[in-house]
Amino acid sequence: MLSEKFGIEIEFTGITREKAARVAAEFLQGNYSEGGTYYDTKKVKTPDGRVWKFMSDGSIHCQRKEGGRKVAAGREYSVELVSPILTYQEDIETLQELVRKLRKAGAFTNTSCGIHIHLDGAKHTPRSIRNFVNIIASKNDLFYKALQIAPQRMNYCKRMDSILVEKMNLRKPKTLREIEDIWYEGYSESRSTHYHNSRYHFLNLHSFFTGNHTVELRGFNSELHAGKIRSYIVLALAINHQALTQKCASSKKPQVENEKFAMRTYLNLLVLSATNLQTAESI
């Protein structure tokens, strides 16, 4: 599970894109450059050839600190850190320390900021994608309450579409193309549109079908707390592992009286499943 590839996007404000990139360049011992794109991207290329990007995002409410108070700021204070391809085992400590450096430099988040985690889609099959849809659908309520998703972000992180889930389970698609057709049903815009409306859900498969072939989870409030970011990544990897390894998954929502206990039980099952796999792999 922890060897699977992922990428992360962390939105924040408080410092400019240039300052954030220069902080990263110093810490990562990389070369700073300006991309000159529509998003005014600043790039840091590290000695291993990977590129960390710092881009503008229109959804971020830009702020900076002045005399200890947070005040409105220009668009240069809109920062979305886009990581290169990472693995937990090799890169988590570097990512966490970079987050600490950015926070120390003055970066902070607000309720307009989110974190998106992209999971490598290479191993996914029609069965595992259907599993992913059903897992998120069945745990929608638990995830939203446990992760305390900010109301301001709901337009960018909608709950799983119940009609889509129903179609998926009635038709039982056997190919990725059939799943793709169901995913885009009801939308008039071209599937190739980058900012396609289907992407703004907790589970985004638009990136899987027409982007970089990743499954994206968008249900995380942004944080510059290294430990919380680590927890988000572990949760995303664990859900991905469940989708990949489970024979089937139900979209039925469990009857829950104690939500905290239900979430804790689910997390324990995820950890147990992953631990059993790692134990088997070590034999």
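The values are calculated or read from the model by the stated rules, or taken from the named source; none is laboratory data. Predicted, not measured: the structure shown is a model, and the values here were computed from it. Cβ coordinates were reconstructed from backbone atoms using ideal geometry, including for glycine residues, and neighbour counts include every protein chain displayed.
So here's what we get for this one:
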quantity	calculated
Number of the condition not met by T37 [criteria: (1) part of a helix (DSSP H, G or I); (2) surrounded by fewer than 19 Cβ atoms within 10 Å (Cβ to Cβ)]	(1)
Residues of region 102-114 satisfying the condition of being touching a helix residue (DSSP H, G or I) at 6+ places or on another chain (Cβ under 7 Å), crowded, with 16+ Cβ neighbours inside 10 Å and not hydrophobic (A, V, I, L, M, F, W, C)	S112, G114
Subset of region 159-187 (residues that are over 16 Å from T125 (Cα atoms), touching a helix residue (DSSP H, G or I) at 6+ places or on another chain (Cβ under 9 Å) and in contact (Cβ under 8 Å) with a residue 12 or more places away in the chain)	R159, M160, D161, S162, L164, V165, K167, Y184, E185, G186
Count of residues meeting criterion [of a type in the set (A, V, I, L, M) and in contact with a helix residue (DSSP H, G or I) (Cβ under 9 Å, 6 or more places away or on another chain)] in region 56-84	3
Complete set of residues in region 208-229 that are over 12 Å from the mean Cα position of the chain (by Cα) and either surrounded by fewer than 16 Cβ atoms within 10 Å (Cβ to Cβ) or under 25 Å from Q152 (Cα atoms) (or both)	N212, H213, E223, L224, H225, A226, G227, K228
Residues of region 22-75 classified as among the aromatic types (F, W, Y), closer than 19 Å to Q96 by Cβ and touching a strand residue (DSSP E or B) at 6+ places or on another chain (Cβ under 8 Å), total	2
Positions within region 188-207 being part of a loop (DSSP other than H, G, I, E, B) and either within 13 Å of the chain's Cα centre (by Cα) or touching a residue at least 60 places away in the same chain (Cβ under 8 Å) (or both), in sequence order	Y200, F202, L205
Hey, K260 out of contact with any strand residue (DSSP E or B) (no Cβ under 6 Å at 6 or more places or on another chain), of a type in the set (D, E, K, R) and either surrounded by 13 or more Cβ atoms within 10 Å (Cβ to Cβ) or part of a loop (DSSP other than H, G, I, E, B) (or both) or not	no
Inter-residue pairs, beta-carbon under 9 Å, first touching a residue at least 40 places away in the same chain (Cβ under 8 Å) and in region 23-51, second aliphatic (A, V, I, L, M) and part of a loop (DSSP other than H, G, I, E, B), 6+ apart	V23/I15; V23/A105; V23/A107
Pairs where the first residue, in region 145-158, is at pLDDT 90 or above and the second is in a strand (DSSP E or B) and of a type in the set (D, E, K, R), C-beta under 7 Å, 6+ apart	Y156/R218; C157/R218
The lone exception for E18 - which of (1) over 22 Å from the mean Cα position of the chain (by Cα); (2) in contact (Cβ under 8 Å) with a residue 40 or more places away in the chain; (3) buried (at least 16 other Cβ atoms within 10 Å of the Cβ) it fails	(3)
Near pairs, Cβ below 9 angstrom, 6+ apart or cross-chain, from region 65-78 (among the hydroxyl-bearing types (S, T, Y)) to any residue that is in a loop (DSSP other than H, G, I, E, B) and exposed (fewer than 10 other Cβ atoms within 10 Å of the Cβ)	S78/G58
Matching residues in region 261-271 - criterion: being without any contact (Cβ under 8 Å) to a residue 60 or more places away in the chain and either aliphatic (A, V, I, L, M) or within 16 Å of L147 (Cα to Cα) (or both)	F261, R264, T265, L267, L269, L270, V271
When residues of region 121-135 are limited to those that are touching a Cys at 6+ places or on another chain (Cβ under 9 Å) and over 13 Å from W183 (Cα atoms), the one surrounded by the fewest Cβ atoms within 10 Å (Cβ to Cβ)	R127
